[in-house]
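Working notes for the structure below.
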Amino acid sequence: MTEHRSDLVEQKLSTLTLDGKLVEFTKGETIYEIANRHRKEVPTLCYDERLEAFGACRLCVVEVEGIRKPVASCTTAATDGMVIKTSTETIEKHRKTLLELVASENRNVDVNALSGYSSQEMTILVDRYSARTGRFSGKQSGTSNTGDKNPFILRDYDNCISCYRCVRVCAEREGDYAINVMNRGFHTQIITEFNNDLRDSNCTFCGQCVQTCPTGALGDKKALRDADTEGEIKKTRTICPYCGVGCSVDMLSKGDKIVGIQPAMDGPANEGALCIKGQYAFDFIQNDDRLAKPLVRRDDGELHECEWDEALDRAAEGFKKVKDQYGRHAVYGIASGRAPHEAAYTMQKYIRATYGTNYIDNCSRS
Amino acid sequence: MSNPLADMEKPDVIFAIGTNMTECHPVAATRLKRALTDGATMVVVDPRKTRLAKMAHLHLPIRVGSDVALLLAMAHVIQRDGLIDESFIAERTADSEAFLSHIRQFTPEWAAEICEVPAEDIERAGKLYGRGNPSAIYYTLGITEHICGVDNVQSLCNLALMTGNLGLEGGGINPMRGQNNIQGAGDCGAVPANFPGFQPCDNPDNAAKFAKLYGRDSIDPERGITKVTALNEAGKSIHAMLIDGENTVVTDPDKNHCEHALKSLDHLVVIDIFLTETGQLADVVLPATAWGETDGVQANTERRVQRLRKAVEPWGEAKPDWWIVSEIAKRMGTPGFEYESAKDVFNELCELSPIYAGLDWDRIDEGKYHWPVPDKEHPGTPRLHEGEFKNGMKGLFKVIGYRDPAEVISDDFPLWLTTGRRLEAYHSRTQTGRSAGLEYLLSEESLEVHPDDADSLGLVHGGMAKMASARGEIEIQVKVTDKSPKGTVFTSFSFANVPVNILTGSGYDPVTQTAELKVCPVRVTPVA
Amino acid sequence: MSRESNQALIERWKDEPAPLLPLLHAFHNRDGYLSDDAIKAVSEGLRIPLAELFGTVTFYHHFSREAPGKAAPRVCTGNICCLHGGDDLLESLKDKGATPMPCAGRCDDMIPVIIGDKAYVGLDKDSLEHRATPVPAPNPGGSTECLFAHIREEGRNTLTGYRATGGYSALKRTLKDSTPESLIKLITDSKLAGRGGAGFPTGMKWKAVADAPGDPKAIVCNADEGEPGCFKDRAIMDHDPFALIEGMTLASFATGAPLGFIYLRYEYPETERLLEDAIEDARASGLIGENILSSGHTFHLYVRRGAGAYICGEEGSLLNSLEGKHPFPRNKPPFPVTHGYNDKPTAVNNVETLASVPHIVENGAEWYRDLGEGDHAGTKLISLSGDIQRPGNYEVPIGLPLSTLLYEWAGGPKEGRTVQAVTMAGLSGGFIAGEDLNITLDEPSIRSKGSFLGAGGIMVLDDSRDMVKAAHDAMSFFAHESCGKCFPCRIGTQRMTERLGGEANTLEPSAWIAEIEDIGSTMMSTSACGLGMAAPHVTKSLMKYFPEQVEAFLAKG
C-alpha cells in the first residue's frame, strides 16, 4: 500500500480549467472523460466507454481556448493548462442542429426500452435538446434487413444513425469482426460480409451490438416479444447461470414474467460482455416443463404430484430406512455444480451431520 | 485460476491447451482476443481446428491423449535452450533436479511420433512458451478428462515452475471452470476429501472440529468415496442417494452402467427444476427454484464470490435447494438446519471456512472479492502464488512419464472419438434446449469427420452413421469438415437423441476418478 | 497470359509493404471485378476479417463487384466535364455499361473516359482518343519558374533526359556534402509550405518526423489528386516524374525514412505505369533502393494506386487506405509526423511540394523565396479550367493578381462572355465573385474573402451559368464523397444537396435559408475533417454573391 502512495506523489497531477473551475486530471485522459467525471453531461451518441473513442457524432464538441474550432472532447486528450467550456450558446446550438439532423434521417425517434441497454440514448437527447422540430427533412438513411430471420437480433436499420458502435463493439470487445459498414456517406449500411444473414457470418449472437445501439436499430427480438406485456420493466442484478466465468447481468422482468437479459456494464468478470447463452438462453426458467410440485413414486410404479409434506416425509423415511438397514455408509449425496453455494453447503452438511461420513461429491467429475 | 480474468488481456505468450474457449467460455475468450490484438502470441494445442486454433500463431493438432508427451518435449526444449528461470527454481521450488534430468531424454522427435505433429512445431511451442514474458497457461476439460488428467495438470505445473510463470500478472496456470458454480461446490465442501474451505477430511482435528460444529460425536476422519465409486457400489454398499441438480444419466460416461446403478438403489431422491432422465428413476422428485427465483451465492473460475438475486416468484411450488435439503435434514432429526434465508446459510459457511473468513453476505454485495479472504481487513486475492505459495511451501516438480489412453485404436475401433461442448448448447440442454431460438442455430447433433476419413469410410455429408465403441452403439448424422483432424471424430454430449455417453467411459484417472471422456476408440460405419 | 491463381496473386503480394490495394487491383485486373471468391481469398491471405474487407471494398468507387466491371467505360461527370456535355457522353455509352465518375483530373482537355487501364478523351463517343496529358504551355507572364522550369524539355520524363537537364545533381550533392539537418534547414529557410492545400511549412514537418521516435519512418507522397478542377500533380508526374522521385529521396534523407509510397489516384492509370518504370530506372542506376550512390542511405519507394475515393486525399484516410483499413479519416492528434504509416513517424507531402525540393536544393533557399511576389515566398501551380480561353496548368508567383492570371495569362472568358465567378481550391473554397475577384493568389488575400487557395484548382464560370445549379453540382460531389464517419458531414452534405436540388422548395424561403445556414455553420464548426468543414463554403458563397439567384430558385417552388 505504501508503495502505491509514493507512486501518486511522484506522478504529479496536471490541471486545467473546466467551465471556470480548476480541475485535476491524469495524463492520457480525454476532455470527455474529465468532463464526465465532473458530471458535465456532455451529450454523445457514438461513445461507449468500453470502446476506443471514435469521434463520429460530434455532439461532444467543446470550446478550448486558443483553438479556433470546437474540438470533439471524446478524442481530444487533455493538456496542462487547457481552458475548456463544455456548454456555450454556440456549442449548444450546434448540438441541437446535429440532433435535428440525426432525427431527420430516422423513421422513429421512440423505441421500446426492451430493445436494448442503450436503446433510449437518442430519444433522451432529442428530448433534452427539444430537437423534435421536423427540420431538415429529407431522405432517410439505412435499409432495414427484414429478411434476416434470426430469432435474436432485430436489424431495423431504418433507425440506424451510423455511429458504428455495433461494428466497433463486435471488433474491439468481442473480437468477432462479424459486421462492418458498406458504402459511404449517406449510403452507409451496416452489413455482414456480402450482406448475408448473421447466421452465415462470423456472428456468435453475443448480443453486444444490440446492447450498445443507441437508437434501437438493433433490438433484442426475444425481449421485444414482451413489448406489449403489462407492467414496468424491473432490473435485477444477478450472475449468469452457465459457464464458470460468472458474468454479471441484469434480469429484466415485468411482474413475475422474466422478459430478457441485459449485460451489466460494470460486471467485474465480464465488463458488459455476454455470450449467446447468457444473453438469450433464459426462458427455460418459465418453461411449461418446469416441475411445479413435488413428485413421489406410488405403488403403481409411476411418479405422481403431491404436497411438500408428503414428499419430504417420503424422502426422509427412505433415508432412515436405508440407514437403519445398511448403516450410515449406505447413503450418498451428489451436490450440484450449477446450484448456489447454499445448496452445496447444506448438502454436505446434511451428509456429514446426519451420517458422520464424507460421502458427498459433486458433478465436477462429469 | 491462479490469475484473475482481467489478466487474460496481459500475457505475452498464451498457451491454450485442451480448451475450446470461444465456445465454452466465450466471454473469457474475448479477453484473449484483445491480448492478441495488443500483440500477444498464441499457441493452441487441440486436435480440432477450433475458432481459437484458427486465431493462433501456432496450432498443434496433437493426437487425443498425447498431451504429456508434448509437454515433456516442451520442457526438454526449454531446458536445452537455457530458457529456465534459475532463480525462481532455486527460491521457490523443490525436487527440480530429478525433473530436469528426467526430461533430458524426451526430445521433440520422440514426442512427434506420439503426438503426430511435426517436431519443429513442438520445438517452436517450447521456445515460445519458454521465452514469453510472461507466458500464461489456459486449460479446460481437454486436459483433465483423461486417465492421465492429473499427470497432464502436473506437467503444466512443471512448465510454469521451470519458467517462473507463477504469481505474475498475465501469467499463471488457469483452468477454466465449466459450470457456473463448480468452484463453489468445492469451496463449500461438497467433495469427499475436504470440509468447507478445503480443510482436509483426513486431518483428525478437522474431523473433530466439524463433528462438534455439526452436533455429532464424530465424523469419519478419512476421505469419503467419490461419486464414481459410489455409482459402482450402487446396490452393493450404497443403497440411497440424494442428487441435487445433476442429470447424471446423460452427462456421465457409460450411460447404461449409470442408469443400471441408479435403478439398483433402494431410495433415490432428486432435486431439480425439470423432470430429467435421472429424475425419472427417482422415488421422490423435489422441485427447486431456478435462476432468478432465489437469492444465493456463486464463485466463478477466478474465485470471485458473487451474489445471485431473486427477480421473480418461483415457478409453481418450487423451493430453494437449501430449504429442501434443510427440511429433509430436520425430518431426519439432524440439528442445525433452522435457516430462514440463504443469507443465514452463507454466513454460516463464512464462519467455518478460513478462505471465506473475511466475507459475509453484505460484503460480497458488489462481487469485489476473490478468495482467499482470511479476515475482514483483507482485500481478497485476485492472483495466487505472488511472492510465495500457500503457507510458504515450495512448488514441487513431479516426474511424470507418458502413458497411452485406457483404450487405444485397433482394427475393431480404428478412429479416435473425442467429445466436448458447442457454443449454442449447454450440457444436456435442459436449459438451452428449452430456450426459444437456439434451435435456429443448432437444431441437431452431428459427428464431425475429416473429409479423408469420410471418403475411406464411405460416409457422406448429412448422411447417417453408426458409431460403436466397446460399450455400445449410437446413430448420428455425419458432418464432413476439416475441423476434425484425420483419424479423429468429434461430437458433443448435449443432445438426448444422440446419447454419446453410451460409448464413453473407457477409463478413469486413478487419483481424481475423472472419466476419460476425451478419448474413446470407435468404429464408424455408414447407415444405408 | 494464363489466369493466375488466387494463391499465386496472394503469394506475390502478401509480404510486400501495404499489400491490400495492389492485391485487390491484381484480382480486379485478372477478373475485371472483385468476386466473393476473390474477397474471401484476400481476407484469408492477408488475415483481414472478411466483413471488414468487404466493407472496405465497397467504400471505393472504382472497385466493381460484377461484370463487365473494369471493362465498362467510366465517364467523367465532374463539374467542368458537365459544362462540356459529360452527361450526354455518359448516356451515349450506357449500352456499354458506362457509369459516371467524379472529376477525373483532366479539366484542361476534353471529357475523360476510362476503359480498363486506359484514359481516353473526347467530346462524343465516336471521337474518343487515347492521348497523353497536355504539357503546360510556356509561361505567359515570363516569370521565373521552379516546377515547370524544365518540364517542357524533350525527354525530361526519362532518366537520361532528366539527368541531361540537371536532374539528380541535387541528390548527388546532398548525399555527398550535406547532412539531414542542413537539408532540413535549407527547406525551412526556403519557406516551402504544403502545396496540397494545408500550407504547413515543409521544413518543420520534416524536422518533426526526423525528431520523432519510432522506426521505420516513412515518406508518403499524396498523389490522390481528387479535388475537382485540379490536375497539376498529373502534369508533374507524367512529364517530370524524376523530380518527384528525387524530391522524395531527398525527403527520406532529411527525415531518415527508409520507406516511401506514392499514393496515386485510380483515375491516372498511365501515370502508374510511368512512375513504376521511372522508379525501376532509378533503381537500376543506383539512385533509389539500398545504399543510394554508395552513400549508405537507403530508400525503397512503392507506388500504390487508390480505387476511387476523394477522402483518401485526406492524410488520415490515405494512411488508413495504405494500411488496408477502412479509409475513414483519423482523429488528430496524434498527427502523422509521430503516428503515421503503421503508427510510425511519417511525412505526408503533396506531389507539388516534393517535386519543388530538388529545384530548391539546386538553386538555394533565397532563390526560391524570391520567386514570390512581394513578401510571398515561392510559386504555386494553378489548374485553371472552365469558361476560359486557355485552360491549363500555370506556375504563378505567389501573390499574382487573379485578374492577371485570368485575363493576361489565360486569355479571359470565352468570346462575348464575362466572368461571373470562379471557384477556389477546386470546389472546397466555394465561389469568389464580383469585386472580390480583385484578390491576389495567396492565402492571406483569399482567406480575407472567406475562401482559400488550397490545392490551386480554379474553375471559371461565365455569366451564362446557373449558380444554384453549380452549387448543387458541387454539393452533390461532396455528398458522394463524404466518407460517412462524422454526422454533420454525412447528413449535412445530403441535406444541402437535396435543398440545392429543389427537393425542399416547399419550405418558406426564410426557413430554407435558415436550414442552409444552420447546417453550414454546424458542418464548418464540428466536422471531423476538411471535407465537411469546407463543403459549406459553397452555400455560404452562393448566398453571399448570388442572393437574387437563390431567391429566384426558391420562387420557382
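The values are calculated or read from the model by the stated rules, or taken from the named source; none is laboratory data. For clarity, every value in this text was computed on a predicted model and none was experimentally measured. Note that we place each Cβ from the backbone using ideal geometry, even for glycine, and neighbour counts take in every protein chain shown. We work out accessible area using only protein heavy atoms, side chains counted, and drop any ligands, DNA or RNA first. Shrake-Rupley method; radii C 1.70, N 1.55, O 1.52, S 1.80 Å.
Of note:
- Taking A:ASP300, A:ASP220, A:ASP80 in turn, the Gaussian network model of chain A (Cα-Cα springs below 10 Å) assigns the largest fluctuation to A:ASP300.
- Computed from backbone phi with θ = phi - 60° and the Karplus coefficients 6.51, -1.76 and 1.60, the 3J(HN,Hα) list for region C:435-440 is 5, 5, 5, 6, 4, 9 Hz; x is used for glycine and proline.
- Gyration tensor (alpha-carbon) shape descriptor, chain B, a/c threshold 1.5: oblate
- Distances between placed amide hydrogens fall under 5 Å for A:MET82 paired with A:THR17, all partners being 5 or more residues away or on another chain.
- Only helical runs count toward this figure. For the protein assembly as shown, summing -39,500 (n - 2.57) over DSSP H runs of n ≥ 4 and dividing by all residues gives -9500 deg cm²/dmol at 222 nm.
- GNM top mover of A:ARG225, A:ARG168, A:ARG68 - chain A, alpha-carbon springs below 10 Å: A:ARG68
- Amide H contacts under 5 Å for A:VAL259, placed H, 5+ residues apart: A:LEU252, A:SER253, A:LYS254
- For the pair A and B, total buried accessible area rounded to nearest 100 Å², probe 1.4 Å: 11400
- Computed magnitude of the charge dipole of region A:101-280 (debye, nearest 20; Cβ of K, R +1, Cβ of D, E -1): 200
- Across A:ASP313, A:ASP324, C:ASP211, the residue with the most accessible area heads the list, and the full order at a 1.4 Å probe is A:ASP324, C:ASP211, A:ASP313.
- For the residues B:ARG429, C:ARG265, a 1.4 Å probe over the protein chains yields an accessible-area ranking, largest first, of B:ARG429, C:ARG265.
- Restriction of the GluC sites (Glu not before Pro) in region B:418-462 to DSSP coil positions whose beta-carbon has at most 11 other beta-carbons within 10 angstrom yields B:GLU444.
- Accessible solvent surface per residue of region A:295-365, calculated while the other protein chains remain in place, 1.4 angstrom probe, Å²: 34
- Summed over the residues of region C:20-133 and divided among them, the accessible surface reaches 37 Å² per residue at a probe radius of 1.4 Å.
- Centre separation in Å (Cα based) which lies between region B:362-401 and region C:366-389: 74
- Note that region B:415-526 presents 33 Å² accessible area per residue, ligands and nucleic acids not counted, probe 1.4 Å.
- Most to least accessible of C:SER527, A:SER144 (protein chains only, probe 1.4 Å): A:SER144, C:SER527
- In Å², nearest 10: area of B:SER443 left accessible to a 1.4 Å probe: 80
- Under-5 Å amide H pairs with B:ILE273, H placed in peptide plane, nonlocal only: B:ALA288
- When cysteine pairs in chain C are screened for C-beta atoms closer than 4.7 angstrom, the residues that find no partner are C:CYS82, C:CYS103, C:CYS107, C:CYS146, C:CYS221, C:CYS230, C:CYS312, C:CYS483, C:CYS486, C:CYS489, C:CYS529.
- Positive-end residue, region C:72-130 charge dipole about Cα centroid, Cβ charges, pick of C:GLY116, C:GLY105, C:GLY85: C:GLY116
- Rolled with a 1.4 Å probe across the full set of protein chains, the surface gives B:PHE198 an accessible area near 70 Å².
- For chain A, Cys with no neighbouring Cys Cβ under 4.7 Å: A:CYS60, A:CYS74, A:CYS160, A:CYS170, A:CYS203, A:CYS206, A:CYS213, A:CYS243, A:CYS275, A:CYS306, A:CYS363
- Region B:203-249-region C:181-202 distance, computed between alpha-carbon centres (Å): 84
- Counting only other chain Cβ atoms within 10 Å of each residue's Cβ, the peptide C:525-532 averages 5.
- Per-residue Karplus couplings for region B:372-381, computed as 6.51 cos²θ - 1.76 cosθ + 1.60 with θ equal to phi - 60°, are listed in order as x, 10, x, 8, 5, 8, 6, x, x, 10 Hz, Gly and Pro entered as x.
- Gyration tensor verdict on region B:5-176 (Cα atoms; rounded if a/c is under 1.5, prolate if a/b is larger than b/c, oblate otherwise): oblate
- Working note: Karplus 6.51/-1.76/1.60 with θ = phi - 60° gives region C:96-101 the couplings 9, x, 5, 10, x, 9 Hz, where Gly and Pro are set to x.
- Computed magnitude of the charge dipole of chain C (debye, nearest 20; Cβ of K, R +1, Cβ of D, E -1): 900
- Selection from B:PRO320, B:SER428, B:ALA160, by position along the positive dipole direction of chain B (Cβ): B:ALA160
- Apportionment of accessible area to carbon and sulfur, chain A, percent (1.4 Å): 46
- Solvent-accessible area, 1.4 Å probe, carbon plus sulfur percent, for region B:179-314: 46
- Centre-to-centre separation between the Cα atoms of region B:483-528 and those of region C:155-180: 74 Å.
- Among A:THR188, A:THR143, A:THR229: highest mean-square fluctuation, GNM of chain A, C-alpha pairs under 10 Å: A:THR229
- C:PHE148 accessible area, assembled protein chains, probe 1.4 Å, Å²: 0
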